[in-house]
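Take a look at the structure below.
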Amino acid sequence: MEYLYSNEKLSARSTVSEQSNAPVHQLNSIQLLRGVAAILVVAYHLSLFSGEHYKQVKLVSQLFGYGYAGVDLFFVISGFVITYSTFSKNRKPPGLLKYTSKRLIRIFPIYWAMVLVFWIACKLTYGAVPQADRPIADWLTAFFLIPTHLPIIPVSWSLSHELFFYFLIGLVLYSHNLWVVLGLVVAGTVYQLFSTPSIKPLIWFVFSPYNLEFLGGVGVALLSRINSFPKTVYWALLLMSIVWLFIGPAVDPGNPAVRLVLFGVSSIGVLLALTGLETSRHIIVGGAFTKLGDASYIIYLIHPSALVFLYKFFEKHPSLPFWAFACAAIALLVIVSQVSILIHYKLEKPVLNRLNKLVSSRLS
């Protein structure tokens, strides 16, 4: 998810150095895409329940069966964000300790809070936490998002990939000579993509196809600095990428290479098109879309807790018609979005700002 996930303000090509007081043009299209990605994931999880309990109504599954592409979009955005925020050509990259602390603060406090919320939701609805009898080592690996962990919150697996991306960038910050490590990971990823995937979970994780989506976001960030394409190219790219995305449900994405070509490529295309249109001032993005993007990390992590209540209710009332489920699903989307926005501005943002200031003062 930076995802996912960072709420750092992204500077466009015309950004001046940190020392300047000149105004900075913000890339709100990034926030728009974050919001879209989060909503797609929620819609996908709703479609799974719909497909299981209302098999006669296939429209929802057909419309949102590709919703997990929101995760691919999050990974592409993450590569873009980390490149712009860390390697801006008009500012020095942060030190390794500052970079690491900022990344960890961005991920863990909210994740731990949402783990608690999920536990409470499960206890209130089903009377127990899923897989509560797991060994303590499994709890710890999930709590600290160790690669290949057994998730507590179902979507937390993607956060391990985020942390791995951050780790690779951290190596480069530590020493430019370590670019070779990043290159080896990319080479291994390409090799594994077109060969029999490793049955060893850790090896598959290190050379996951998601690495290439992250790298695609890095490439978009570098291309956006050039900003030399005419607007017709951006609009055509946006249209083709959306059409390409909707081909997804017609193809089995179980093959990692297929998923990358379908959802990774379409995500890269949409990101390049929208950031290009915004930096060249052909579109203006703002308002509710940016708020939804600001709260996307909360939406991503809190929606499983909300779904637990919805699932339990309709499991207890299996005779309810599909239209009742559809209304409840729409209401859930609205409520989760609004609650997440409230949590972001009233809790997440102030807490993260305070933690970053505290750590920064200790490191300076």
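Each reported figure results from applying straightforward, stated rules to the coordinates on display, with no laboratory input. The structure presented is a predicted model; accordingly, all values stated were derived computationally and were not measured. Cβ atoms come from the backbone with ideal geometry, glycine included; neighbour counts cover every protein chain shown.
Rounded to the nearest Hz, the phi-derived 3J(HN,Hα) couplings of region 316-331 under the Karplus curve 6.51 cos²θ - 1.76 cosθ + 1.60 (θ = phi - 60°) are 6, 10, x, 7, 5, x, 4, 4, 5, 5, 4, 5, 5, 5, 5, 4, where x marks glycine and proline.
In order along region 117-123, the Karplus-derived 3J(HN,Hα) couplings, from 6.51 cos²θ - 1.76 cosθ + 1.60 at θ = phi - 60°, round to 4, 5, 4, 4, 4, 5, 5 Hz, and Gly and Pro are given as x. When +1 charges are put on Lys and Arg Cβ atoms and -1 charges on Asp and Glu Cβ atoms, the dipole computed for the chain relative to its Cα centre reaches about 880 debye.
Counted by neighbouring Cβ atoms within 10 Å, the residues Y54, Y345, Y84 run from fewest to most as Y345, Y54, Y84.
Going by neighbour counts of Cβ atoms within 10 Å, the residues T196, T141 line up, fewest first, as T196, T141.
For region 191-219, the residues whose backbone nitrogen is under 16 Å from a point 7 Å from the Cα of V258, taken along Cα to Cβ, are 193-197.
Only one residue of V185, T86, F205 has its Cα farthest out toward the positive end of the dipole of region 28-363, where Lys and Arg carry +1 and Asp and Glu -1 on Cβ, and that residue is T86.
Computed across the chain, the Kirkwood radius stands at 21.4 Å (inverse of mean 1/r, all Cα pairs).
For region 234-239, 3J(HN,Hα) computed residue by residue from phi via the Karplus equation (6.51, -1.76, 1.60; θ = phi - 60°) reads 5, 5, 5, 5, 4, 4 Hz, glycine and proline entered as x. For K349, the lysines whose Cα comes closer than 19 Å to its Cα, not counting residues fewer than 8 places off in the same chain, are K9, K98, K102, K291, K357. A straight Cα-to-Cα reach below 19 Å connects K312 with the lysines K55, K123, residues fewer than 8 places away in its own chain not being considered.
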